[in-house]
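These notes are about the structure you will find just below.
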Number of protein chains: 2
Amino acid sequence: MTIPVICVVGRSKSGKTTLLEKMIILLKQRGYRVATIKHHSHHGFDMDVPGKDTWRHAQAGSDHVIIAAPDKVAAIRNVSVEPTLDELVATITDVDIILTEGYKRSSKPKIEVLRAERSAAPICTADELIALVTDVPVTLPVRIFTLDDAAGVVDLLEEMYLK
Amino acid sequence: MTIPVICVVGRSKSGKTTLLEKMIILLKQRGYRVATIKHHSHHGFDMDVPGKDTWRHAQAGSDHVIIAAPDKVAAIRNVSVEPTLDELVATITDVDIILTEGYKRSSKPKIEVLRAERSAAPICTADELIALVTDVPVTLPVRIFTLDDAAGVVDLLEEMYLK
C-alpha cells in the first residue's frame, strides 16, 4: 500500500511550518503515524547540537553520521545530487501519511498556504491543489480554509486519504 | 563490494569520540569517504536545534522527520525496536569505510580504547580486536597504539581494509 504524500506549499513566510505543526498535532491526536519532509532550497543547514558526540563526527568530516538509540534513529549525510521527493519517500515506512513542507514542483497533491500580507496570488493552479489555506478572498474552485483552520484541513485529509 | 565496518569500543569516557574525530579527519585527508554510527544506549537524545522548522515538526510529534537540502539530508525517526548494526549499515552507500562508536557486542572487527584512569582491563578479548589504543601497559597479542596515535590506527585500517 502506498503511503499518501501531500505537499504543503506557499511563498516563504506564508505560514507553512505553523500550519504543518498544527496538522501534525491533530493527526497524532487522531491516532495516525506521520512523517514530514522539509525541502530546504539553499545549500547547508545547521545541525549544531553543541557538545553532542555525533555532531563531533560530522564536524570532523564524516560523510554520513548516524546516531541510534533504542527509541530513535537520526542520520545526516552529504549528497552530491539532491535526492528527489520520491527517493526520500521511499526511505519512509510505518507511517499513515507523509506531509512535505515545500516541493511545489512535485506532482503530488498540494495544499497551498496563501497569506494576504505576503501575496494575494496563489503559486499553484486549482488543478494542482486539494486545498487553499488563506485569508485572501479568492474564488478558486478548490476547498478553501482559513489560516487557523488546521482541523478543517485534517478532516479533509482523513476523508480523502485515511479512511 | 561490502563496505568495511570497524567498531571503536571501550568504557564510557575512555576517549572513543576523541579518537574517532582524529581518525575521521585523517581518513578524509587521505581521500576516503567515511560514515560513522554512534550507538546511544539510553532512550532519547536531544536534537534541539532551536528555531529550525524541521525540529518544529519533530516537536509537534512527527514520527519521521526529513530535511533535504541540495548538499545534505538529515532524518530523525522514532523506532519501536532498535535497528541492528547491520540494518543501519545497509542504509549507507557511497563511502569507503564505516566506523562505529560503540556496538561492543557486534561481531565486527573492533578497536578498543582503554584509558588507565578509567580501567586497567580491556572489555574485549584479543581475538575480537584488531587494535588496542591505550596508556595501560598490557600484553595482549594485538596491535597496540598510544592514545594520541590516531595516525597509526588509520595506517592499520588503510593496510587491512582500504588498499
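Computed values, structure above
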{"item": "B:Lys22 open to solvent by 10 Å² or more (accessible area, probe 1.4 Å), touching a residue at least 40 places away in the same chain (Cβ under 8 Å) and farther than 28 Å from B:Arg77 by Cβ", "result": "yes"}
{"item": "Leading residue by the ranking (farthest from A:Thr91 (Cα to Cα)) among those in the range B:77-97 that are open to solvent by 70 Å² or more (accessible area, probe 1.4 Å), acidic (Asp, Glu) and free of Cβ contacts under 8 Å to residues at least 12 places away in the same chain", "result": "B:Asp86"}
{"item": "Of all residues in the range A:124-139 being more than 17 Å from the chain's Cα centre (by Cα) and open to solvent by 50 Å² or more (accessible area, probe 1.4 Å), the one that is nearest to A:Lys13 (Cα to Cα)", "result": "A:Asp135"}
{"item": "From the options A:Ile123, A:Ile144, residue that is among the β-branched types (Val, Ile, Thr) and touching a residue at least 40 places away in the same chain (Cβ under 8 Å)", "result": "A:Ile123"}
{"item": "In the range B:56-76, the residues that are crowded, with 20+ Cβ neighbours inside 10 Å and more than 7 Å from chain A (Cβ to nearest Cβ)", "result": "B:Ala58"}
{"item": "Output for the range B:105-120, where each listed residue is in contact with a helix residue (DSSP H, G or I) (Cβ under 9 Å, 6 or more places away or on another chain), open to solvent by 10 Å² or more (accessible area, probe 1.4 Å) and in contact (Cβ under 8 Å) with a residue 60 or more places away in the chain", "result": "B:Ser106, B:Lys108, B:Pro109"}
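To keep it simple, each residue is scored yes or no on (1) in contact with a His (Cβ under 6 Å, 6 or more places away or on another chain); (2) among the charged types (D, E, K, R).
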residue	(1), (2)
B:Thr2	no, no
B:Val5	no, no
B:Thr17	no, no
B:Met23	no, no
B:Ala35	yes, no
B:Lys38	no, yes
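The values are calculated or read from the model by the stated rules, or taken from the named source; none is laboratory data. Bear in mind that the values here come from a model prediction, so they are computed numbers and not experimental data. Note: ideal-geometry Cβ built from the backbone for every residue, glycine included; neighbour counts use all protein chains shown. Only protein heavy atoms, including side chains, enter the accessible area calculation; ligands, DNA and RNA are left aside. Shrake-Rupley method; radii C 1.70, N 1.55, O 1.52, S 1.80 Å.
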